[in-house]
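Below you'll find the structure, written out as structure tokens, and then a few comments.
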Amino acid sequence: MTSDVIIIGGGIVGAASAFFCTQAGLRVTLLEKREALGLLTTSASLAAFRAQFGEAENIAMMRESISFFENVRERTKLDDAEIGMVQQGYLFGTTNPAVLARMKQRVEFQHAHGLDDVELWDGDETRKHFPFLNSDVVGATYRAKDGWLSPNDLTNVYARAAVRDGAQVFYETFVEEILIQGDAVRGVRTNRGEFHAPQIILAAGPYAKNFAARYEWALPIQLIRRQHAAIKAHALIPSHAPMTIDADTGAHWRPEARGAILAMNTDEPPGEPSDYIKPDWEFPALALDAVIRITPFWEQVAESLRKDDLDVRAGQYDMTPDAKPIIDEHPNVRGFFAHCGYSGHGVMGSAAGARMLADLMTGKLKRADNAFGMARFEKMQPGALEKMVL
Ligand SMILES: Cc1cc2nc3c(=O)[nH]c(=O)nc-3n(C[C@H](O)[C@H](O)[C@H](O)COP(=O)(O)OP(=O)(O)OC[C@H]3O[C@@H](n4cnc5c(N)ncnc54)[C@H](O)[C@@H]3O)c2cc1C
């Protein structure tokens, strides 16, 4: 089987790559080792998206992706594309005046970079909009057009549009190795035999780092377990709420089907890639405790919950030192591209990241203009790679 590009991995990043490569006129083969797309990290996601970032390239990336999500039917030319998009906003709230001062600077930066719909509120204004925040909150930033979607629906929409335009998808197809001739990619060997193409995209999520290392490509990625707790429908959970983040602790929650999804970062050692990441059953209790701090109604919800009302999921963040993805070509193997390292932002970044990758592959984006290339790590201070920003 011969094509222009082979994609290793059918999570949301691989599926988005398939879509944008077909739009760029490439013949695509997508290989996924599981029986369906999006079953690993993608399905563990909170599936939220925001343009509220503090760096220009992230703001640009997420704005481009959000615009794609908002216009998904037009962009994919699939009249029935449904991605479960909900734009109820993202709210970062703080009880700390020093944090509020930094948030003000961030909003000024965002406005200066064209993201002029981020609002900065004091405590009273925050409670006027969202009365469930307590009186300790001294201020918040809010963007109404941030939100969340269904990551599996989006993955399948990308794939469906790619297949309509000629891409081929193979399930239960495990890529064992890359075939290299001289200094260039020739294809891959799988459990189903060889597939040939002059270009491959490594979109294997948590498996990308170890896979690349076999070809002397050291991707600076650490795998960190992250979890979320899902709470069944409950009368006290405001279903109109935004993604509500305690900016002082990182604990956050958002409504989902009249219930909610809660998350927070716990101290986790770096791990190895795995197809099953075991969640902790104490996690929902920890997350509930954490969200009570600025949204106290959770205390009452917690008191009335039974074990059956809770579910917990875990997956791995593929963290890079600056929490931005890696979109680049192997320095010594022509045609070997990496598309990974999304560091907890792979759903929201998928559309813009895949568009950039396709542009890089077709020469529309010059290597020197690629903000997500490996060169940026060379400019980092020694030690930064070891520390890793979590
Ligand atoms: C708890 C949690 C919450 C999150 N919340 C958010 C959020 O709110 N917003 C957001 O944008 N992101 C979020 N993320 C991050 C997001 O889920 C990931 O960035 C994204 O899913 C990564 O997609 P991926 O396609 O790179 O990886 P994956 O979804 O892991 O897909 C990789 C695929 O590659 C396949 N594969 C691996 N090796 C091979 C091989 N050798 N041959 C064939 N196939 C192979 C795997 O089977 C898998 O299907 C969250 C993550 C977690 C864990």
task = Go through segment 8-28 residue by residue and tally those that are within 17 Å of GLN168 (Cβ to Cβ) and crowded, with 24+ Cβ neighbours inside 10 Å.
result = 12
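Matching residues to (1) in the same structural domain as ALA162 (by TED's automatic domain parsing); (2) within 11 Å of the ligand (Cβ to nearest atom); (3) buried (at least 24 other Cβ atoms within 10 Å of the Cβ); (4) among the aromatic types (Phe, Trp, Tyr):
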position: THR42; (1), (2), (3), (4): yes, yes, yes, no
position: ALA47; (1), (2), (3), (4): yes, yes, yes, no
position: PHE53; (1), (2), (3), (4): yes, no, no, yes
position: GLU57; (1), (2), (3), (4): yes, no, no, no
position: ALA60; (1), (2), (3), (4): yes, no, no, no
position: ARG63; (1), (2), (3), (4): yes, no, no, no
position: ARG73; (1), (2), (3), (4): yes, no, no, no
position: THR76; (1), (2), (3), (4): yes, no, no, no
request  = Please work out if LEU133 is in a loop (DSSP other than H, G, I, E, B), aliphatic (A, V, I, L, M) and in the same structural domain as ALA247 (by TED's automatic domain parsing).
outcome  = yes
inquiry  = Of everything in segment 101-124, what is assigned to a helix (DSSP H, G or I), aliphatic (A, V, I, L, M) and closer than 16 Å to ALA56 by Cβ? Give them in sequence order.
reply    = VAL107, ALA112
ask   = Mind checking whether some residue in segment 18-25 is within 14 Å of the ligand (Cβ to nearest atom) and under 15 Å from ASN156 (Cβ atoms)?
value = yes
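Here's the yes/no breakdown for (1) under 22 Å from TYR276 (Cα atoms); (2) out of contact with any helix residue (DSSP H, G or I) (no Cβ under 7 Å at 6 or more places or on another chain); (3) within 11 Å of the ligand (Cβ to nearest atom); (4) not in a loop (DSSP other than H, G, I, E, B):
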site	(1), (2), (3), (4)
VAL163	no, yes, no, yes
VAL169	no, no, no, yes
ILE178	no, yes, yes, yes
ARG186	no, yes, no, yes
GLU194	no, yes, no, yes
ALA212	yes, yes, no, yes
GLU216	no, yes, no, no
LEU219	no, no, no, no
task = Enumerate the pairs (first residue in segment 204-222 and acidic (Asp, Glu); second residue anywhere and at pLDDT 95 or above and surrounded by 18 or more Cβ atoms within 10 Å (Cβ to Cβ)) with beta-carbon separation below 6 Å, excluding pairs fewer than 6 apart on the same chain, so at least 6 apart or on different chains.
result = none
task = Would you be able to tell me the number of residues in segment 243-294 that are of a type outside the set (A, V, I, L, M), crowded, with 16+ Cβ neighbours inside 10 Å and either under 20 Å from TRP148 (Cα atoms) or touching a Pro at 6+ places or on another chain (Cβ under 9 Å) (or both)?
result = 10
Among residues of segment 319-351, those that are among the small types (Gly, Ala, Ser) and surrounded by 24 or more Cβ atoms within 10 Å (Cβ to Cβ), counted = 6
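The values are calculated or read from the model by the stated rules, or taken from the named source; none is laboratory data. Quick caveat, the model's predicted, so the values are computed rather than measured. Cβ: placed from backbone, ideal geometry, glycine included. Neighbour counts: every protein chain shown.
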